[in-house]
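Take a look at the structure below.
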Amino acid sequence: MSEENHTEEESSTSLMNRTAHVMDLDNLTQGQILDSSEMYHLAQRYIETSSYSVGDISAIACSHHTFSPNVFNWPISGQRLVKSGKDGADFILTENVDGLLRAQGLSRVVLASGDHYFVPTVAYIQSRGILVHVVAPEGGLSKRLRMAADSYSYIPTINHKVAA
(Lines give C-alpha, C1' and ligand atoms only; values in the text may rest on other atoms or scores of the structure.)
Protein backbone atom coordinates (compact mmCIF):
# COMPACT_ATOMS: atom_id res chain seq x y z
CA MET A 1 0.00 0.00 0.00
CA SER A 2 1.40 3.37 -0.94
CA GLU A 3 1.90 6.17 1.58
CA GLU A 4 -0.89 8.18 -0.09
CA ASN A 5 -3.41 5.33 0.10
CA HIS A 6 -2.52 4.63 3.70
CA THR A 7 -3.21 8.27 4.61
CA GLU A 8 -6.55 8.30 2.76
CA GLU A 9 -7.58 5.09 4.51
CA GLU A 10 -6.68 6.51 7.94
CA SER A 11 -8.62 9.71 7.18
CA SER A 12 -11.69 7.79 6.11
CA THR A 13 -11.51 5.59 9.23
CA SER A 14 -11.25 8.60 11.53
CA LEU A 15 -14.25 10.21 9.81
CA MET A 16 -16.28 7.06 10.44
CA ASN A 17 -15.76 7.26 14.21
CA ARG A 18 -16.28 10.93 14.97
CA THR A 19 -17.56 12.20 18.28
CA ALA A 20 -19.68 15.28 18.91
CA HIS A 21 -19.49 16.93 22.32
CA VAL A 22 -22.59 18.74 23.60
CA MET A 23 -21.41 20.72 26.64
CA ASP A 24 -23.52 22.58 29.18
CA LEU A 25 -20.83 24.65 30.92
CA ASP A 26 -23.31 25.94 33.50
CA ASN A 27 -23.86 22.33 34.55
CA LEU A 28 -20.18 21.34 34.47
CA THR A 29 -19.17 24.40 36.51
CA GLN A 30 -22.22 24.02 38.74
CA GLY A 31 -23.15 27.62 37.92
CA GLN A 32 -19.90 29.05 39.23
CA ILE A 33 -17.64 31.51 37.46
CA LEU A 34 -14.22 29.88 37.34
CA ASP A 35 -10.88 31.57 36.80
CA SER A 36 -8.70 30.50 33.88
CA SER A 37 -6.69 28.02 35.96
CA GLU A 38 -9.81 26.34 37.34
CA MET A 39 -11.38 26.21 33.88
CA TYR A 40 -8.20 24.68 32.44
CA HIS A 41 -8.24 21.94 35.12
CA LEU A 42 -11.94 21.27 34.54
CA ALA A 43 -11.30 20.99 30.78
CA GLN A 44 -8.42 18.56 31.40
CA ARG A 45 -10.71 16.42 33.55
CA TYR A 46 -13.36 16.55 30.83
CA ILE A 47 -10.87 15.56 28.12
CA GLU A 48 -9.70 12.57 30.18
CA THR A 49 -13.23 11.48 31.13
CA SER A 50 -14.81 11.91 27.69
CA SER A 51 -11.90 10.65 25.56
CA TYR A 52 -11.97 13.96 23.67
CA SER A 53 -9.60 13.97 20.70
CA VAL A 54 -8.52 16.16 17.83
CA GLY A 55 -11.13 16.06 15.08
CA ASP A 56 -14.08 15.90 17.47
CA ILE A 57 -16.73 18.58 17.07
CA SER A 58 -18.27 20.54 19.93
CA ALA A 59 -21.07 22.84 20.94
CA ILE A 60 -20.55 24.68 24.22
CA ALA A 61 -23.33 26.65 25.93
CA CYS A 62 -24.04 28.64 29.06
CA SER A 63 -26.09 31.62 30.23
CA HIS A 64 -25.09 35.22 29.65
CA HIS A 65 -24.17 35.48 33.36
CA THR A 66 -21.27 33.06 32.97
CA PHE A 67 -20.59 33.32 29.23
CA SER A 68 -17.74 35.81 29.12
CA PRO A 69 -15.54 34.48 31.91
CA ASN A 70 -16.27 30.77 31.51
CA VAL A 71 -16.62 30.28 27.75
CA PHE A 72 -13.57 32.36 26.88
CA ASN A 73 -11.49 30.44 29.42
CA TRP A 74 -12.72 27.04 28.13
CA PRO A 75 -9.75 25.72 26.10
CA ILE A 76 -11.71 23.27 23.93
CA SER A 77 -12.70 24.67 20.55
CA GLY A 78 -16.24 24.53 19.28
CA GLN A 79 -19.38 26.46 18.58
CA ARG A 80 -20.10 28.88 21.45
CA LEU A 81 -23.80 29.34 22.33
CA VAL A 82 -25.50 31.57 24.88
CA LYS A 83 -29.07 31.57 26.14
CA SER A 84 -30.32 32.82 29.47
CA GLY A 85 -33.36 31.98 31.51
CA LYS A 86 -34.51 28.75 33.07
CA ASP A 87 -32.72 25.91 31.27
CA GLY A 88 -31.33 28.41 28.73
CA ALA A 89 -28.10 26.52 27.99
CA ASP A 90 -30.03 23.23 27.81
CA PHE A 91 -32.53 24.76 25.38
CA ILE A 92 -29.94 26.25 23.01
CA LEU A 93 -27.92 23.01 22.93
CA THR A 94 -31.04 20.97 22.16
CA GLU A 95 -31.98 23.42 19.40
CA ASN A 96 -28.53 23.02 17.82
CA VAL A 97 -28.11 19.24 18.10
CA ASP A 98 -29.32 18.58 14.53
CA GLY A 99 -26.42 20.59 13.16
CA LEU A 100 -23.95 18.41 15.06
CA LEU A 101 -25.68 15.22 13.95
CA ARG A 102 -25.04 16.13 10.30
CA ALA A 103 -21.29 15.62 10.79
CA GLN A 104 -19.87 12.96 8.50
CA GLY A 105 -19.14 9.66 10.26
CA LEU A 106 -20.61 10.59 13.61
CA SER A 107 -20.81 7.50 15.80
CA ARG A 108 -20.93 8.93 19.31
CA VAL A 109 -22.21 11.97 21.19
CA VAL A 110 -20.82 12.94 24.58
CA LEU A 111 -23.32 14.99 26.54
CA ALA A 112 -21.63 17.04 29.24
CA SER A 113 -24.52 17.61 31.63
CA GLY A 114 -26.45 15.73 34.24
CA ASP A 115 -29.76 17.53 33.64
CA HIS A 116 -32.92 15.47 33.08
CA TYR A 117 -33.87 18.09 30.46
CA PHE A 118 -31.75 16.16 27.94
CA VAL A 119 -33.60 12.81 28.20
CA PRO A 120 -35.69 13.43 25.03
CA THR A 121 -32.58 14.68 23.21
CA VAL A 122 -30.70 11.51 24.15
CA ALA A 123 -33.57 9.38 22.82
CA TYR A 124 -33.59 11.41 19.58
CA ILE A 125 -29.83 10.97 19.08
CA GLN A 126 -30.06 7.24 19.78
CA SER A 127 -32.93 6.91 17.28
CA ARG A 128 -30.40 7.99 14.64
CA GLY A 129 -28.15 5.03 15.57
CA ILE A 130 -25.65 7.14 17.50
CA LEU A 131 -24.36 6.14 20.94
CA VAL A 132 -24.68 8.65 23.78
CA HIS A 133 -22.21 8.87 26.65
CA VAL A 134 -23.05 11.29 29.47
CA VAL A 135 -20.37 13.06 31.51
CA ALA A 136 -21.79 14.71 34.62
CA PRO A 137 -20.39 16.33 37.75
CA GLU A 138 -20.11 13.99 40.72
CA GLY A 139 -23.51 13.84 42.39
CA GLY A 140 -25.12 15.75 39.52
CA LEU A 141 -26.54 13.09 37.19
CA SER A 142 -30.32 12.72 37.14
CA LYS A 143 -31.60 9.18 37.41
CA ARG A 144 -33.67 9.54 34.21
CA LEU A 145 -30.66 10.72 32.20
CA ARG A 146 -28.45 7.97 33.60
CA MET A 147 -31.03 5.37 32.54
CA ALA A 148 -31.46 6.91 29.06
CA ALA A 149 -27.75 7.09 28.20
CA ASP A 150 -25.81 4.21 26.66
CA SER A 151 -23.03 4.89 29.17
CA TYR A 152 -22.04 7.54 31.67
CA SER A 153 -19.17 8.73 33.82
CA TYR A 154 -18.57 11.36 36.43
CA ILE A 155 -16.20 14.27 36.24
CA PRO A 156 -14.53 15.28 39.50
CA THR A 157 -15.77 18.63 40.76
CA ILE A 158 -13.54 21.69 40.93
CA ASN A 159 -12.65 23.09 44.34
CA HIS A 160 -13.62 26.67 43.53
CA LYS A 161 -11.56 29.40 45.17
CA VAL A 162 -13.85 31.83 46.95
CA ALA A 163 -12.59 35.41 47.03
CA ALA A 164 -12.01 36.69 50.55
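The values are calculated or read from the model by the stated rules, or taken from the named source; none is laboratory data. What you see is a predicted model, and the numbers here were worked out from it, not measured in a lab. Reconstructed Cβ throughout: ideal geometry from the backbone, glycine too, with neighbour counts over all protein chains shown.
Out of all the residues in the stretch 50-70, which are assigned to a strand (DSSP E or B) and not polar (S, T, N, Q)? Result: Ile57, Ala59, Ile60, Ala61, Cys62. Scanning the stretch 47-67 for residues that are closer than 18 Å to Arg80 by Cα and touching a strand residue (DSSP E or B) at 6+ places or on another chain (Cβ under 6 Å) returns Asp56, Ile57, Ser58, Ala59, Ile60, Ala61, His64, Phe67. Look at (1) modelled with pLDDT of 85 or more; (2) farther than 16 Å from Leu111 by Cβ and you find that Asp35 fails only one, number (1). Candidates are the residues of the stretch 60-93 that are among the polar types (S, T, N, Q) and within 12 Å of the chain's Cα centre (by Cα); the one that is surrounded by the most Cβ atoms within 10 Å (Cβ to Cβ) is Gln79.
Let's see how each residue does on (1) of a type in the set (Ser, Thr, Tyr); (2) free of Cβ contacts under 8 Å to residues at least 60 places away in the same chain; (3) exposed (fewer than 15 other Cβ atoms within 10 Å of the Cβ); (4) within 18 Å of Arg18 (Cβ to Cβ):
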| site | (1), (2), (3), (4) |
| --- | --- |
| Gln126 | no, yes, no, yes |
| Val132 | no, yes, no, yes |
| Leu145 | no, yes, no, no |
| Ala148 | no, yes, no, no |
| Tyr152 | yes, yes, no, no |
| Pro156 | no, no, yes, no |
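Residues that are among the hydrophobic types (A, V, I, L, M, F, W, C) and modelled with pLDDT of 90 or more were ranked within the stretch 50-59; the one that is surrounded by the most Cβ atoms within 10 Å (Cβ to Cβ) is Ala59. Take Tyr40 and tell me if it is modelled with pLDDT of 85 or more and exposed (fewer than 15 other Cβ atoms within 10 Å of the Cβ). When the stated conditions are applied, Tyr40 passes them. For the stretch 105-124, taking the residues that are farther than 12 Å from Leu145 by Cβ and of a type in the set (Ser, Thr, Tyr), the one that is surrounded by the fewest Cβ atoms within 10 Å (Cβ to Cβ) is identified as Ser107.
Among the conditions (1) more than 23 Å from Ala149 (Cα to Cα); (2) in a helix (DSSP H, G or I); (3) small (Gly, Ala, Ser), Ala43 misses just one, which is (1). Scanning the stretch 15-37 for residues that are closer than 22 Å to Ser84 by Cβ and assigned to a helix (DSSP H, G or I) yields a total of 4.
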